[in-house]
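Chemist: Right, I'll just put the structure down here and ask away after.
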Amino acid sequence: MKKTAKLISGFLVLAIVMVLGSSLVVTYPNEYKLIRQFGEIVNVVETPGVSFKIPFVQSSSSLPKALQIYDIPKSDVITKDKKSMIADAFVLWKISDPVLFTRHLNGQVAQAQSRISASVFSSMKSVISNMDQSEIIENRDGKLALDISGNIGSSLDEYGIEVLAVETKSLDIPDDNKQSVYERMISERNNIAASFTAQGNSSAQKIKNDTTKEVSVMKSEAKAEAEKIKAEGEAQYMQILSGAYNDASKADFYNFVRSLDAAKASLKNGNNTLILDKSSPISQIFYGY
């Protein structure tokens, strides 16, 4: 009887342990716990810790709560100017609604990645097809990624998926036409540089012509002003001279001084001899007739 009682006690303890074990739900920080009853989700546990469920009636399963990274396969895209490029990108995403994620994707991360790949490729194709190749190359480290992410919008919300970012690892030209593309880009840049140089030369010549014209006008105006001042000075000089020699005695002195100046000017190259005719005005002054 004692052995039977011990055996029954052991079974009871084991049953209690099994019931307790079946009723406990341990949730970790990086996961969701889905509580199902007869296949239907009746509760989602998001808070880390221990919770309870109805043993043998309800079951639990886990979904990742942490941020996920998915490396999208490389794909060919066509730009607005009909150039082929190879896009290689990755996506940062997470499960935003575990119920929708389970209902539409059976809780399978692989199915979610397939949906993400299709949505991102469609967005990437749409954005790139509206940009020229040169514009894509200039913006591939910033604006392009933002445009692709923004174009996805809420298209994955119905699957309980939130795309946080789409980053392009590389967006390159196919190897078989890289050289021709580089040569064309160099040629285009050279043409742009030549255009800028021509515009600069034209502007420089215009500035030079305008400056030359302004200088010519200024010189002409300055010359005219100088002639005017000179004429005014000469008029004043003649007026002063006329006032100074307005009588006979002063006029004779003036003539005498002018005759000396004329005589001095004729003595050149070491010649100290001045030969004058008696009838010359200078002789008349010197001789007093």
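Chemist: Residue by residue through the range 39-49, note down the ones that are open to solvent by 60 Å² or more (accessible area, probe 1.4 Å) and among the β-branched types (Val, Ile, Thr).
Modeler: Scanning the range 39-49 gives VAL42, THR47.
Chemist: I need the full set of residues from the range 64-78 which are open to solvent by less than 80 Å² (accessible area, probe 1.4 Å), over 23 Å from VAL25 (Cβ atoms) and among the aliphatic types (A, V, I, L, M), in order please.
Modeler: Within the range 64-78, ILE72, VAL77 meet the criteria.
Chemist: Of the residues SER154, SER195, which single one is among the hydroxyl-bearing types (Ser, Thr, Tyr) and part of a helix (DSSP H, G or I)?
Modeler: SER195
Chemist: Next question. Look through SER249, SER259 and report the one residue that is open to solvent by less than 70 Å² (accessible area, probe 1.4 Å), part of a helix (DSSP H, G or I) and either farther than 18 Å from SER283 by Cβ or at pLDDT below 85 (or both).
Modeler: SER259
Chemist: To continue, here is another question. Look at the range 130-150 and say how many of its residues are open to solvent by 80 Å² or more (accessible area, probe 1.4 Å) and either of a type in the set (Lys, Arg) or in a helix (DSSP H, G or I) (or both).
Modeler: Within the range 130-150, residues that are open to solvent by 80 Å² or more (accessible area, probe 1.4 Å) and either of a type in the set (Lys, Arg) or in a helix (DSSP H, G or I) (or both) number 4.
Chemist: Taking interchain pairs and intrachain pairs at least six residues apart, which have beta carbon atoms under 6 angstrom, with the first residue in the range 93-109 and closer than 14 Å to GLU162 by Cβ and the second surrounded by fewer than 14 Cβ atoms within 10 Å (Cβ to Cβ)?
Modeler: Short answer, once both residue conditions are applied: LYS94/LEU67.
Chemist: Also, I was wondering about something else. Considering only the range 13-37, state which residues are closer than 22 Å to PHE101 by Cα and either of a type in the set (Val, Ile, Thr) or at pLDDT below 85 (or both).
Modeler: Within the range 13-37, VAL25, VAL26, THR27, ILE35 meet the criteria.
Chemist: Counting only residues that are open to solvent by 80 Å² or more (accessible area, probe 1.4 Å) and assigned to a strand (DSSP E or B), how many does the range 50-63 have?
Modeler: Number satisfying all stated conditions: 2.
Chemist: How many residues, within the range 183-222, are more than 30 Å from the chain's Cα centre (by Cα) and open to solvent by less than 100 Å² (accessible area, probe 1.4 Å)?
Modeler: Here the count works out to 10.
Chemist: Name, by its number, the condition in (1) in a helix (DSSP H, G or I); (2) open to solvent by 70 Å² or more (accessible area, probe 1.4 Å); (3) under 24 Å from THR79 (Cα atoms) that does not hold for VAL120.
Modeler: Status for VAL120: all satisfied but (2).
Chemist: Moving to a separate point now. Since ASP277 meets every condition but one in (1) open to solvent by 100 Å² or more (accessible area, probe 1.4 Å); (2) modelled with pLDDT of 70 or more, which condition does it not meet?
Modeler: Going through the list (1) open to solvent by 100 Å² or more (accessible area, probe 1.4 Å); (2) modelled with pLDDT of 70 or more, ASP277 breaks only (1).
Chemist: Any idea which of ALA66, ALA110, ALA87 is assigned to a strand (DSSP E or B) and aliphatic (A, V, I, L, M)?
Modeler: ALA87
Chemist: Could you check, for the range 80-98, whether at least one of its residues is polar (S, T, N, Q), open to solvent by 20 Å² or more (accessible area, probe 1.4 Å) and modelled with pLDDT of 90 or more?
Modeler: The answer is yes; a qualifying residue exists.
The values are calculated or read from the model by the stated rules, or taken from the named source; none is laboratory data. Just so it is clear, the model here is predicted, and its values are computed rather than measured. Glycine also receives a Cβ, built like all others from the backbone with ideal geometry; neighbour counts cover every protein chain displayed. Heads up: the accessible areas ignore ligands, DNA and RNA and are worked out on the full protein's heavy atoms, side chains in. Shrake-Rupley method; radii C 1.70, N 1.55, O 1.52, S 1.80 Å.
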